[in-house]
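Novice: What follows is a structure written as structure tokens; I'll ask about it next.
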Amino acid sequence: MILQTLFLGFFGVAAVWFGVVVFRTSSMVRSALALLFSQAAIGAMFLAMQAEFLGVLQIMMMATEMSIMAIFMVMYMMDPGGLGEMEMSHQKRISIAAGVLGTLAAVGVALLADWGTVAAAPPAAEQTERLGTEMLGRSMLVFETAGVTILTAMVAATAVAIEGRGAGVSE
Amino acid sequence: MTTLAVLLMLLAGAYLVAVLEGWSATGRFRPAGPALSAIALLGRESIVPRKPDRIFFEVAPVLLLVSTMLAAAVLPLGPSLVIADMATGALFLNAALAYVMVALVMAGWGPDSAYAMVAGWRFLGQLVGYSMPIVMAIVGVAMRAESLQNTAIVESQAVVPNALYQPAGFVVFFLAAMCLAFLPPFDLPTAPGELAGGVESEYAGARLAVMRLGRMVLVVTLSAAVTVFYLGGWYGPVLPGWAWSAAKMLAVAAAMLAAGRYVPRLREAHLLAWWWKLGIPLALFNIFYVGVLLLVVR
């Protein structure tokens, strides 16, 4: 239990630290990869909390997502390498206010909520099974709606991006 | 004890695969070759290029090695010869191997060099091709075992291995694994003769040695993954389980290396087109096919 708390704290601090690095660097790629490791640390926190499937899923998804985000930022930004000392933050006052409020709200929920007695985590295989049953039952509509929406957006984005047949060089 | 045994098997496997790779690339069989090149690499100066991203440059080779070793830790080489038999092992394998791509992108961006950077992003493009089919193929395997635990997956193949039960999934996984290990003809991120070594081009000395070791362990890990998921793992007559695992892994690695010797390197656009137009539909068909076998035929 003590070891679990220690690991949870360690990865929590790591997640926050990498989150800070996101804004302290001037390079888009460094920023994206710092975000990647911040999210991976949150995945490790899930593992420390014995939510094995969620932790592994988080660690897997974030590696791909953040790297793909990095290449998109390289494509669209004027200074991806940060050689021109690019500033990563904007709208500073509002951001600081939002950050402070968010932290206070999170700490408030953590301290003030009545957590009751926390039940011991079921074995990992059972968690996976329960998650699957949940996703194919009550939550199916939510996930399917989100999935189809994203797919529609992807198809639409591709349709907008490709040139008409014969208009340009295909491939 | 188990950890030590698995690590020794990985190292021995990495060495043998390095010998095989030298054989397939040069046509000469030199059993001492990898040892000699390791000594040569460790003796050489490990040059740091001008104005590197130092953190990325230093972390990338280590991350490559660590992520592949983590992936190997969940693969059983015998009934009890597994470091961590996780309940979500088949998924964890993918999670760990996703960081191979992160390591290569870091190795590409870090040294501040054009060839390396092109190569690093190329591998990210390659990932867009192979990452969906590899997970979909594993879904078919997990469906039959009704578990994501790798020992359960092997036990589900006690009679018929998955390579025969779901051949389409086997082909998809095998090719995707070759893409993941950037073996020829999918060696876009290293591309000798075109990108001057790509992600490896700016590395020298000890750092390059770590990177090469990581790559070899990656090939061994993926051979082990093919063995566990599709070839019935440790099952086989007469010989003990670990020997069957080792023999199957070597055969898979040899097949992967041999395939690359006779096929020219694919272009990125063609690779993506093949994966998305043929690979993903095939992987989806495999899921459907396994579902029919499980629910209707049995």
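Where a number appears in this text, it was derived from the coordinates with a stated rule and is not lab data. These numbers were taken from a predicted model, which means no experiment stands behind them. Cβ placement follows ideal geometry from the backbone for every residue including glycine, while neighbour counts extend to all protein chains displayed.
Novice: Could you grab me the full set of residues in the stretch B:72-99 that are part of a helix (DSSP H, G or I) and either within 7 Å of another protein chain (Cβ to nearest Cβ) or closer than 12 Å to B:Ile134 by Cβ (or both)? If you could, list the steps in order and put the result at the bottom.
Specialist: We begin by selecting, within the stretch B:72-99, every residue part of a helix (DSSP H, G or I); these are B:72-73, B:89-99.
Correct list: B:Ala90, B:Leu91, B:Phe92, B:Leu93, B:Asn94, B:Ala95, B:Leu97, B:Ala98, B:Tyr99.
Novice: Residues of the stretch B:144-171 being among the hydrophobic types (A, V, I, L, M, F, W, C), under 16 Å from B:Asn286 (Cβ atoms) and either within 14 Å of chain A (Cβ to nearest Cβ) or assigned to a loop (DSSP other than H, G, I, E, B) (or both), which ones? So that I can check it myself, show each step before the final result.
Specialist: Step one: filter the stretch B:144-171 for residues among the hydrophobic types (A, V, I, L, M, F, W, C), giving B:145, B:148, B:152-154, B:158-160, B:163-164, B:168, B:170-171.
Adding the requirement that they be under 16 Å from B:Asn286 (Cβ atoms) leaves B:145, B:153, B:160, B:163-164, B:168, B:170-171.
Across the stretch B:144-171, the qualifying residues are B:Ala145, B:Ile153, B:Val160.
Novice: Name the one entry in B:Trp242, B:Trp276, B:Trp234 that is within 14 Å of another protein chain (Cβ to nearest Cβ), surrounded by 14 or more Cβ atoms within 10 Å (Cβ to Cβ) and not aliphatic (A, V, I, L, M). Lay out the reasoning, then the answer.
Specialist: Details: B:Trp242 fails: within 14 Å of another protein chain (Cβ to nearest Cβ); B:Trp234 fails: within 14 Å of another protein chain (Cβ to nearest Cβ).
B:Trp276 is the lone residue from the list that is within 14 Å of another protein chain (Cβ to nearest Cβ), surrounded by 14 or more Cβ atoms within 10 Å (Cβ to Cβ) and not aliphatic (A, V, I, L, M).
Novice: Still on this structure, please answer the following. Mind listing whichever residues of the stretch A:1-57 are touching a Gly at 6+ places or on another chain (Cβ under 6 Å), in contact (Cβ under 8 Å) with a residue 60 or more places away in the chain and within 11 Å of another protein chain (Cβ to nearest Cβ)?
Specialist: Across the stretch A:1-57, there are no qualifying residues.
Novice: Which residue out of B:Val135, B:Val141, B:Val118 is crowded, with 23+ Cβ neighbours inside 10 Å and either at the interface with another protein chain (Cβ under 9 Å from one of its Cβ atoms) or among the aliphatic types (A, V, I, L, M) (or both)? Even if it seems obvious, please write down each step before you answer.
Specialist: Details: B:Val135 fails: crowded, with 23+ Cβ neighbours inside 10 Å; B:Val118 fails: crowded, with 23+ Cβ neighbours inside 10 Å.
Sole residue among the options that is crowded, with 23+ Cβ neighbours inside 10 Å and either at the interface with another protein chain (Cβ under 9 Å from one of its Cβ atoms) or among the aliphatic types (A, V, I, L, M) (or both): B:Val141.
Novice: Same structure again: Residue by residue through the stretch B:1-55, note down the ones that are basic (Lys, Arg) and part of a helix (DSSP H, G or I).
Specialist: Kept after step one, since they are basic (Lys, Arg), are these residues of the stretch B:1-55: B:28, B:30, B:44, B:50-51, B:54.
The answer is B:Arg54, and nothing else.
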